[in-house]
Amino acid sequence: MKYFTKEVKIALTAIVAIVLLFIGLNFLKGINVFQSTQTYFVKFKDINGLVVSNSVFANGYPVGIVRTIDYDYERGEHVVVGIEVDDDMHIPNGTRAELEAELMGGVRMNLVLGPNPTDNLTPGDTISGAFKQGLMAKAEDLLPVVEKMLPKLDSIMDNLNRLTGDPALQHTLANAEAMTGDLRKTAARLDQMMQGDIPQMLGRFNRASANLETLSARLADVDVAATMSSVNQTLDSAQQLIGKLDTKMSSKDNTLGLFLNDRSVYENLNATLAHADSLMIDLKAHPKRYVHFSVFGKKDK
């Protein structure tokens, strides 16, 4: 134990602290030092704010991180980005990398995998990369259009303010509110009618339908031919009676015929009515000739 002196213990403690600090810093960056990885390189013309330790996604799932970013000083055309992906991740040939600006800031790298999963790249190969226009880039393109629309929006808002401040609109809204109240009352009356009057009407209609069915059944049982035969016989009898009456009225061998066809009967009847009329006139003019009335008895003439 004489080898574990105070100086040795301090040195071991410092080494362990450095290792833990290294692991902790890498952990904060999203790097797992205990997981085996593969390194690939991606060439971009513009990384547009990409930084080391940014996550690398494939189909929306994080499969690695950005390990290094180096500028190609020899050609001055590209930025070479070194990415580390999980050891189990196989990148097909034809895969490309896309940088997309996020809404909250920052840049996200997405791997668009190639079509053939059996033909894979070898670790250390280079992948082509490009910047994808996201929502932020499209919003920037729309800014000039929005600026041109602002004056029109101002005029529209002015017109809306004038419209909302017009007394006619307030009057229209008041009328609409009154109409709404009337509609509520009408709906309440209709509801009351549906609950009270309509069921009664339906009940009466059902009873009337039942009576019609009963009447139809009775009519179906009636012998229409026999009824029509009886009606025809009755009509024949009435026609015969009318013929007899006509014969009697036109003939002079009976009282009715003489009364209707004899001219003298008519003249005598007129003369009798004339005498009766003269008698009534004389009776009104001289009633004492025909009626004698006295309280004390009849006087001797």
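Under the Karplus relation 6.51 cos²θ - 1.76 cosθ + 1.60, θ = phi - 60°, what is the ordered set of whole-Hz ³J(HN,Hα) values for segment 158-175, x standing for Gly and Pro?
4, 5, 5, 5, 5, 5, 5, x, 6, x, 4, 5, 4, 5, 4, 5, 5, 4
How far, in nm, would the chain grow between residue 19 and residue 45 when pulled straight, counting 0.36 nm per residue and subtracting the alpha carbon separation?
Value of the extension gain: 5.7 nm.
Quick check for me: using +1 on Lys/Arg Cβ and -1 on Asp/Glu Cβ, what's the dipole size of segment 192-239 about its Cα centre, in debye to the nearest 20?
Here segment 192-239 has a charge dipole of around 220 debye.
Pop the C-beta distance of residue 190 and residue 210 into the FRET formula with R0 = 25 Å and round what comes out to the nearest 0.05.
It comes out at approximately 0.35.
Ordering 286, 78, 275, 90 by accessible area with a probe of 1.4 Å, largest first, what comes out?
275, 90, 286, 78
Considering only protein heavy atoms, what is the solvent-accessible area of residue 113 at a probe of 1.4 Å, reported in Å² to the nearest 10?
60
Would you mind computing, in nm to one decimal, how far apart the modelled labels at residue 86 and residue 283 are, each placed 7 Å from Cα along Cα→Cβ?
14.0
What length, rounded to one decimal in nm, is gained on full extension from residue 197 through to residue 239, with 0.36 nm per residue of separation minus their alpha-carbon distance? Walk me through the intermediate numbers first.
Numbers: separation 42, 0.36 × 42 = 15.12 nm, distance 5.31 nm.
Full extension of this stretch gives 9.8 nm more.
Considering only protein heavy atoms, what is the solvent-accessible area of residue 190 at a probe of 1.4 Å, reported in Å² to the nearest 10?
In the full protein context, residue 190 sits at about 100 Å².
Set the Förster distance to 35 Å, then compute FRET efficiency between residue 146 and residue 110 from the Cβ-Cβ distance, nearest 0.05. Please report the intermediate quantities before stating the final value.
Numbers: r = 28 Å, r/R0 = 0.81.
E(calc), rounded to 0.05, equals 0.80.
The values are calculated or read from the model by the stated rules, or taken from the named source; none is laboratory data. As the structure is a prediction and not an experimental result, all values here were calculated from the model. So basically every Cβ, Gly included, is an ideal-geometry build from the backbone, and we count neighbours across all protein chains shown. With ligands, DNA and RNA removed, areas are computed over all heavy atoms of the protein, side chains included. Shrake-Rupley method; radii C 1.70, N 1.55, O 1.52, S 1.80 Å.
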